[in-house]
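Undergrad: After the structure tokens below, expect a handful of questions from me.
The values are calculated or read from the model by the stated rules, or taken from the named source; none is laboratory data. Every value quoted in this text rests on a predicted model; they were computed, and no experiment measured them. Neighbour counts run over all protein chains shown; Cβ positions are idealised from the backbone, glycine included. Just so you know, the surface numbers come from the protein's heavy atoms only, side chains and all, with ligands and any DNA or RNA stripped out. Shrake-Rupley method; radii C 1.70, N 1.55, O 1.52, S 1.80 Å.
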Amino acid sequence: MEIKQQGSTLIEVLVALTILVVGLIGIFNLHLVAKRSSFESFQQTQASLLANDMINRIKLNTSQLSAYGGVYSSLPSYPDVDCDLADSASPQCTPAQTLIWDRYQWQLLMQGGYERVGDNRVGGLDFPVACIQANANGDVLIAMTWRGVNSTTDSATHYSDFVQSCGTSHSRRRVYVINTFIF
């Protein structure tokens, strides 16, 4: 007489669960890597947009070209004169006042000052530092640095001394550099 097996044995169930758990752990880890990569990509895009924003600000105020040079790393104080063109009550600003307003707006964007969740600024770069080298001949170099998610090598090591001095040397430092000519 032949005995037919019905159902699954406990060992088969345990093997199936083990395979399922290993697969789920792999999917979870893949999800974490994708989220980190997405954040790194977002930060790179933000740096690119911010650098191009400053180039456009400089192009609109070329009489102050050299004065845009410097290191930008902290949240600025509100300027004496509001040069926001969207506000119809704004006075006509001089080039020097526009320079101060541009610096204020740009640093606020870098720090994520316009995008908030509660008291946290969420739209800017993570620990940003920007360095601008603007020469009277029109040569402009902008270096944006921020803190990345994962440790790698310091991204600034392959650049000039000016770029390497922008921000703090660290294994999580990321760098975006743009060099242009404004005439």
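Undergrad: Report in % the part of the accessible area of the chain that belongs to carbon and sulfur, leaving out ligands and nucleic acids; probe 1.4 Å.
TA: 57 percent
Undergrad: With label points built 7 Å along Cα→Cβ from the Cα atoms of ALA96 and PHE127, find their separation and express it in nm.
TA: 3.7 nm
Undergrad: Averaging sequence separations of C-alpha pairs under 8 Å and six or more residues apart, then dividing by the length of the stretch 35-183, give the relative contact order as a whole percent.
TA: 24 percent
Undergrad: With r as the distance between the Cβ atoms of SER66 and SER165 and R0 = 22 Å, compute the FRET efficiency 1/(1 + (r/R0)^6) and round to 0.05.
TA: For R0 = 22 Å, the calculated efficiency reads 0.75.
Undergrad: Give the separation of the Cα centroids, the stretch 158-183 to the stretch 13-87, in Å.
TA: 16 Å
Undergrad: Taking 0.36 nm per intervening residue step and subtracting the Cα-Cα distance, what contour gain separates SER74 from LYS35 on full extension?
TA: Here the answer is 11.3 nm.
Undergrad: Note down the magnitude of the dipole of the stretch 58-183 about its Cα centre, charges +1 on Lys and Arg C-beta and -1 on Asp and Glu C-beta and zero elsewhere, to the nearest 20 debye.
TA: 400 debye
Undergrad: Could you give the accessible area per residue of the stretch 1-159, probe 1.4 Å, as a whole number in Å²?
TA: 64 Å²
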